[in-house]
1. For region 188-223, what are the residues that are of a type in the set (Lys, Arg) and either modelled with pLDDT of 95 or more or part of a loop (DSSP other than H, G, I, E, B) (or both)?
2. Tell me, please, whether a residue that is more than 24 Å from Ala55 (Cα to Cα) and within 16 Å of ligand 1 (Cβ to nearest atom) can be found in region 108-127.
3. Considering only residues that are near ligand 1 (Cβ under 8 Å from one of its atoms) and closer than 15 Å to Arg221 by Cα, look in region 27-45 and name the one that is surrounded by the fewest Cβ atoms within 10 Å (Cβ to Cβ).
4. Condition first: outside any strand (DSSP E or B), touching a Pro at 6+ places or on another chain (Cβ under 7 Å) and either among the aliphatic types (A, V, I, L, M) or within 16 Å of ligand 2 (Cβ to nearest atom) (or both). Now tell me which residues in region 121-156 satisfy that.
5. Identify all residues within region 62-73 that are touching a residue at least 40 places away in the same chain (Cβ under 8 Å) and either surrounded by fewer than 20 Cβ atoms within 10 Å (Cβ to Cβ) or farther than 19 Å from Met244 by Cβ (or both); write none if there are none.
6. Identify, from the list Gly29, Gly16, Gly65, the residue that is touching a helix residue (DSSP H, G or I) at 6+ places or on another chain (Cβ under 9 Å), more than 17 Å from Arg250 (Cα to Cα) and at pLDDT below 90.
7. Please state which one of Asp126, Asp110 is surrounded by fewer than 20 Cβ atoms within 10 Å (Cβ to Cβ), under 19 Å from Ser46 (Cβ atoms) and modelled with pLDDT of 95 or more.
8. Just name the residue that is nearest to ligand 2 (Cβ to nearest atom) out of those in region 46-60 that are assigned to a strand (DSSP E or B) and over 14 Å from Arg90 (Cβ atoms).
Amino acid sequence: MRRCGGSSRGVMEEMGKTIFVASGKGGVGKSTLVTGLAVCLASMGSEVLCIDADAGIRSLDLLLGLTDRTSLDLGDVLAGTCGLREAAVRHDRVRTLSLLNAPAGDEDIDPTALAALERYAANEYDFCLVDCAAGAGAALRGAARGASLGIIVAAPEPASIRGAERAAVVAADGGGAELPLRLVLNRVRPELMGRRGIPNADDAIDGVGARLIGIIPEDPRVGALSPAGRIPVLEGVDGAAGAMLRIARRLRGERVPLPKFRKR
Ligand SMILES: Nc1ncnc2c1ncn2[C@@H]1O[C@H](COP(=O)(O)OP(=O)(O)O)[C@@H](O)[C@H]1O
Ligand SMILES: [Mg+2]
């Protein structure tokens, strides 16, 4: 069964102004992807807002090197105690990139307010990227309701694909049949794809029920950069950085071919 939707949106269908990134299972690379896409899109001249919706486990401030800069957060904006522009922090090096941090505490995100904020942000920024918490609950439904595109991240392993499938079902429930959903396969080791117990790209696409928008290889440079609070997309066009750059270009509506994987 396919839930990818959006076929009526024509050749620019990959382009979404407000994009949520979800997975079901944690630790598959959502925050890494949001950070990478945000830096790529901002570097290409777009005005980009990242919203960290992972209350309590926020990490975009760490990945973007903005930890000491954020005081107001998503909770404040959703509660109406401050405005979006007031709470969002502009990156000091990537000037077209801003971050709205998640609340530090383990509080629930109001799904209706989140959807409304996404719609508002779509008018204020070229791209708004929402880093969802792991799991497939009410907050994901809300994120899907207010977004124009959903990216589901999965690693090529059965439990991750099952989690991604669940997230896709909940997102489709929140966003409706017209909401396009796309799959990113992360931490891929091409030499292992399709080996016994390791799903290949086709298995993942069929399992999750969303069209592929990118394959990101396992890349030790990603992990080496993250703890230092540095942006994980830096030099070069190979590896994970290159793959994220190509996804960003697809999101801008460019036709960038996907790599082919041989089915074993
Ligand atoms: N393509 C990749 N290659 C190597 N390590 C990766 C890759 N993507 C993510 N990671 C690592 O995986 C871990 C989890 O990533 P993270 O983005 O925090 O996941 P999530 O937000 O889904 O919980 C981090 O240590 C990150 O550096
Ligand atoms: Mg995360």
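The values are calculated or read from the model by the stated rules, or taken from the named source; none is laboratory data. Please read all numbers here as calculations on a predicted model, not as lab measurements. All Cβ positions, glycine included, derive from the backbone under ideal geometry; neighbour counts span all protein chains shown.
1. Once the filter is applied, which keeps residues that are of a type in the set (Lys, Arg) and either modelled with pLDDT of 95 or more or part of a loop (DSSP other than H, G, I, E, B) (or both), region 188-223 yields Arg189, Arg195, Arg196.
2. no
3. Gly29
4. Ala138, Ala139
5. Correct list: Leu62, Gly65, Thr67.
6. So the residue among Gly29, Gly16, Gly65 that is touching a helix residue (DSSP H, G or I) at 6+ places or on another chain (Cβ under 9 Å), more than 17 Å from Arg250 (Cα to Cα) and at pLDDT below 90 is Gly65.
7. The conditions single out Asp126.
8. In this case the residue turns out to be Asp52.
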